[in-house]
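J.: Below: one structure in structure tokens.
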Amino acid sequence: MEARAIQYTVRQSARKMRLVIDLIRGRPVPEADAILRFSKKRAARQIHKVLKSAVANAQQAALRQNEAFDADQLRVKYAVVNEGQTLKRFTAAAMGRATPIKKRTSHVEIHVASDAAPAPAAQAAPATNAEPKAAPKKKAAAGKKKTQKKTKKAKATKKTKKASK
């Protein structure tokens with residue numbers, strides 16, 4: 001089960017928010033929740049809202065699919081802060097000039113997924129790796145024949161070009 005939540009145009013710079021989002025990436029949701037709740041950074045409050053929304057989205061998806069849901073089994077799989085639109089403002093400066101002010105915004109995206117991973121998929125991977133080992137030998141032999149044919153064709157076209165001149 002995977003769910004995501006995105007909050008656009010948070011009125012804080014992405015650089016400051018990345019300091020907080022790096023603390024929770026890859027952690028279980030209860031641990032990430034505790035980190036954000038007790039962090040002194042202003043960004044932690046906005047990121048906490050997005051995390052709660054992602055957990056709620058996962059719960060709704062579980063209800064729709066009629067599956068069991070446990071928020072404690074979720075983990076933050078993907079957490080990123082991207083730069084948003086910059087609001088450009090101006091303030092008065094000396095001698096009638098104006099100085100630009102950049103009010104930066106950011107976009108927060110968090111994906112949560114359950115810890116349980118299917119084991120049969122891991123067992124099927126080695127079986128598929130055995131087949132390609134034999135195949136390249138056949139391709140190499142076939143590749144030599146193709147190159148020989150190409151060189152014969154190239155020689156024949158060169159002869160015809162010389163003859164036409």
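J.: Return the residues of the range 43-68 that are polar (S, T, N, Q) and surrounded by 14 or more Cβ atoms within 10 Å (Cβ to Cβ); say none if nothing qualifies.
T.: Within the range 43-68, the subset polar (S, T, N, Q) is 46, 53, 57, 59-60, 65-66.
Selection gives Gln46, Ser53, Asn57, Gln59.
J.: In addition: Hey, could you check the range 95-116 for residues that are touching a residue at least 40 places away in the same chain (Cβ under 8 Å) and assigned to a loop (DSSP other than H, G, I, E, B) and say which is nearest to the chain's Cα centre (by Cα)?
T.: Within the range 95-116, the first condition is being touching a residue at least 40 places away in the same chain (Cβ under 8 Å), and the residues that meet it are 103-116.
Keeping just the survivors that are assigned to a loop (DSSP other than H, G, I, E, B) gives 104-105, 115-116.
Working: Arg104: 22, Thr105: 20, Asp115: 18, Ala116: 20 Å.
Once the filter is applied, the top-ranked residue is Asp115.
J.: So the check is Cβ under 8 Å with 6+ separation or different chains; which pairs have a first residue in the range 72-94 that's farther than 28 Å from Ala5 by Cα and a second one that's among the small types (Gly, Ala, Ser)?
T.: Qualifying pairs under 8 Å: Phe90/Ala98; Thr91/Ala98; Ala92/Ala98.
Each row is one residue, and each column tells you yes or no for (1) more than 22 Å from the chain's Cα centre (by Cα); (2) modelled with pLDDT of 95 or more; (3) within 16 Å of Gln7 (Cβ to Cβ).
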| position | (1), (2), (3) |
| --- | --- |
| Pro28 | no, yes, no |
| Asp33 | no, yes, no |
| Arg37 | yes, yes, no |
| Lys40 | yes, yes, no |
| Ala43 | no, yes, yes |
| Val50 | no, yes, yes |
| Val55 | no, yes, yes |
| Gln60 | yes, yes, no |
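J.: Pull up the range 1-42, narrow it to residues that are in contact with a Ser or Thr (Cβ under 9 Å, 6 or more places away or on another chain) and part of a helix (DSSP H, G or I), then point me to the one that is surrounded by the fewest Cβ atoms within 10 Å (Cβ to Cβ).
T.: Arg15
J.: Starting from the range 25-50, keep only residues that are without any contact (Cβ under 8 Å) to a residue 40 or more places away in the chain, then list their pairs with residues that are surrounded by 14 or more Cβ atoms within 10 Å (Cβ to Cβ) and polar (S, T, N, Q) whose Cβ atoms are within a distance under 6 Å, requiring at least 6 positions of separation or different chains.
T.: Final answer for the pair search is Ala43/Gln12.
The values are calculated or read from the model by the stated rules, or taken from the named source; none is laboratory data. Note that the structure is predicted; figures quoted are calculated from it, not measured. Cβ sites come from the backbone with ideal geometry, for glycine too, and all protein chains shown count toward neighbours.
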